[in-house]
Amino acid sequence: QVQFVESGGGLVKPGGSLRLACAASGSIFSIYTMGWYRQAPGKQRELVAFINSDGNTYYVDSVKGRFTISRDNAKKMGNLQMNSLKPEDTAVYLCNKYPATHNWGKGTLVTVSS
């Protein structure tokens, strides 16, 4: 059963950048599509981006051109580079397979505020 541990969140000013990391274990990382999700206070969890085993990517419209998803199959790691951050990007960010399983990590909090 795959497990995920997210890291890299923090407090950043609008326009700033953060790089999130996702460490996966317990399954064959290289064969599945990996996604990043986020849940803002009082809102439902939403998909932000995913990357499949071939490296093809998808981004939700609100982050296109600002966020970049990547993966390192040998290290069983995924990353989300977030640039030009906006206050509306404030959320707990989580990684999981896409489509998601019920096995969620704790996530990492990203706060964008001046």
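Inside the stretch 8-23, can you point out the residues that are over 26 Å from SER114 (Cβ atoms) and open to solvent by 20 Å² or more (accessible area, probe 1.4 Å)?
ALA23
Select from the stretch 79-111 the residues that are in contact with a helix residue (DSSP H, G or I) (Cβ under 8 Å, 6 or more places away or on another chain) and farther than 24 Å from SER25 by Cα and list them in ascending order. First the steps, then the outcome.
So in the stretch 79-111, the residues in contact with a helix residue (DSSP H, G or I) (Cβ under 8 Å, 6 or more places away or on another chain) come out as 82, 88-89, 110.
Hits for the stretch 79-111 are GLU88, ASP89.
Please go through the stretch 100-114 and give me each residue that is in contact with a Pro (Cβ under 7 Å, 6 or more places away or on another chain), surrounded by fewer than 17 Cβ atoms within 10 Å (Cβ to Cβ) and under 19 Å from GLY8 (Cβ atoms), ordered by number. Please lay out each step first, then the result.
If we filter the stretch 100-114 for residues that are in contact with a Pro (Cβ under 7 Å, 6 or more places away or on another chain), which is where we start, we get 112-114.
Add one more test, that the residue is surrounded by fewer than 17 Cβ atoms within 10 Å (Cβ to Cβ), and what stays is 113-114.
SER113 - this is the single residue of the stretch 100-114 that is in contact with a Pro (Cβ under 7 Å, 6 or more places away or on another chain), surrounded by fewer than 17 Cβ atoms within 10 Å (Cβ to Cβ) and under 19 Å from GLY8 (Cβ atoms).
Of the residues in the stretch 12-32, how many are among the hydroxyl-bearing types (Ser, Thr, Tyr) and at pLDDT 95 or above? It would help to see each step written out before you state the result.
Keep residues of the stretch 12-32 that are among the hydroxyl-bearing types (Ser, Thr, Tyr), which gives 17, 25, 27, 30, 32.
Retained after the next criterion (residues that are at pLDDT 95 or above): 17.
Within the stretch 12-32, residues that are among the hydroxyl-bearing types (Ser, Thr, Tyr) and at pLDDT 95 or above number 1.
Tell me, which residue of the stretch 47-57 that is out of contact with any helix residue (DSSP H, G or I) (no Cβ under 9 Å at 6 or more places or on another chain) and either exposed (fewer than 12 other Cβ atoms within 10 Å of the Cβ) or β-branched (Val, Ile, Thr) (or both) is nearest to GLY105 (Cα to Cα)?
ILE51
Specify the residue that is surrounded by the most Cβ atoms within 10 Å (Cβ to Cβ); the eligible residues are those in the stretch 58-78 that are polar (S, T, N, Q) and in contact with a helix residue (DSSP H, G or I) (Cβ under 8 Å, 6 or more places away or on another chain).
That would be ASN73.
For the stretch 79-99, give me the residue count where each residue is under 12 Å from the mean Cα position of the chain (by Cα) and surrounded by fewer than 16 Cβ atoms within 10 Å (Cβ to Cβ).
Count: 1.
Go through the stretch 24-46 and give me each residue that's open to solvent by 40 Å² or more (accessible area, probe 1.4 Å), closer than 19 Å to PHE67 by Cβ and assigned to a strand (DSSP E or B).
Matches in the stretch 24-46: GLN39, GLU46.
The values are calculated or read from the model by the stated rules, or taken from the named source; none is laboratory data. Computed from a predicted model, the values in this text were never measured in an experiment. Reconstructed Cβ throughout: ideal geometry from the backbone, glycine too, with neighbour counts over all protein chains shown. Side chains included, ligands, DNA and RNA excluded: accessible areas come from the protein's heavy atoms. Shrake-Rupley method; radii C 1.70, N 1.55, O 1.52, S 1.80 Å.
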